[in-house]
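Chemist: Supplied in structure tokens, the structure appears directly below.
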Amino acid sequence: MDRARGGFSLGSVITGVLVAFGAFIVLSAIIGAVLGALGMTEGTITTSDARTATIGAGIGLVLAQFLAYLWGGYTAGRMARGSGLLNGILVPIFAIVIVAALGAIVAAVTGNLNVSADATAAQANLPLPLSDLADIGTGVGIGILVAMLLGGALGGHLGSRWHSKLENDETYVR
């Protein structure tokens, strides 16, 4: 039996990125709804509750990122019909490149805006000190990057396995 297996597929990777972006938006909305239902968005919470909510939201976002890129990697691996791991890993890498390019475009279009007065006023309203937010944000940022890469790789591998199972099943072999 001839096995038509592919390698790198740009279309598959771009589709995986779009699936991951869409899934992340939906999962983030669910996390926001849960935080809202718990009363964490009202602004009258204590510092201890704010720290707990921030860490909880960070863990939720890392989990959402993992699931989104698992789905996106699966999509890329299944569409590419081979090299699922490669196509799955390329999904978060392409996503990072796309977001960085969009950020550069936005920065170029908006130019030099002086927002120091607005930033100082916003800092006064934060429920946590900036050092705590920076520590939590660093941990969440690293967790999100690891979750993206692991989710994309695992999803790509699982997506390409579907074709292997299909090719090895005697029912479908002619």
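The values are calculated or read from the model by the stated rules, or taken from the named source; none is laboratory data. Please read all numbers here as calculations on a predicted model, not as lab measurements. With ideal geometry, Cβ positions are generated from the backbone for all residues, glycine too; neighbour counts draw on all protein chains shown.
Chemist: Is it fair to say T47 is surrounded by 11 or more Cβ atoms within 10 Å (Cβ to Cβ) and either within 19 Å of the chain's Cα centre (by Cα) or not acidic (D, E) (or both)? Before the answer, list the steps.
Modeler: Details: surrounded by 11 or more Cβ atoms within 10 Å (Cβ to Cβ): yes; either within 19 Å of the chain's Cα centre (by Cα) or not acidic (D, E) (or both): yes.
Against the criterion (surrounded by 11 or more Cβ atoms within 10 Å (Cβ to Cβ) and either within 19 Å of the chain's Cα centre (by Cα) or not acidic (D, E) (or both)), T47 qualifies.
Chemist: Next question, about the same structure. Which residue out of G77, G72, G60 is of a type outside the set (A, V, I, L, M), modelled with pLDDT of 95 or more and within 21 Å of L154 (Cβ to Cβ)? Write out each step before concluding.
Modeler: On the way: G77 fails: modelled with pLDDT of 95 or more; G60 fails: modelled with pLDDT of 95 or more.
The unique qualifying residue is G72.
Chemist: A further question follows. Checking the condition under 17 Å from L70 (Cα atoms) and either under 16 Å from the mean Cα position of the chain (by Cα) or modelled with pLDDT under 95 (or both), which residue from V140, V146, V97, V106 passes?
Modeler: On the way: V140 fails: under 17 Å from L70 (Cα atoms); V97 fails: under 17 Å from L70 (Cα atoms); V106 fails: under 17 Å from L70 (Cα atoms).
Being under 17 Å from L70 (Cα atoms) and either under 16 Å from the mean Cα position of the chain (by Cα) or modelled with pLDDT under 95 (or both) holds for just one of V140, V146, V97, V106, which is V146.
Chemist: Just checking, which of S131, S160 is modelled with pLDDT of 70 or more, of a type in the set (S, T, N, Q) and in contact with a Gly (Cβ under 8 Å, 6 or more places away or on another chain)? Explain how you work it out, then say what you get.
Modeler: Numbers: S131 fails: in contact with a Gly (Cβ under 8 Å, 6 or more places away or on another chain).
Of the residues listed, the single one that is modelled with pLDDT of 70 or more, of a type in the set (S, T, N, Q) and in contact with a Gly (Cβ under 8 Å, 6 or more places away or on another chain) is S160.
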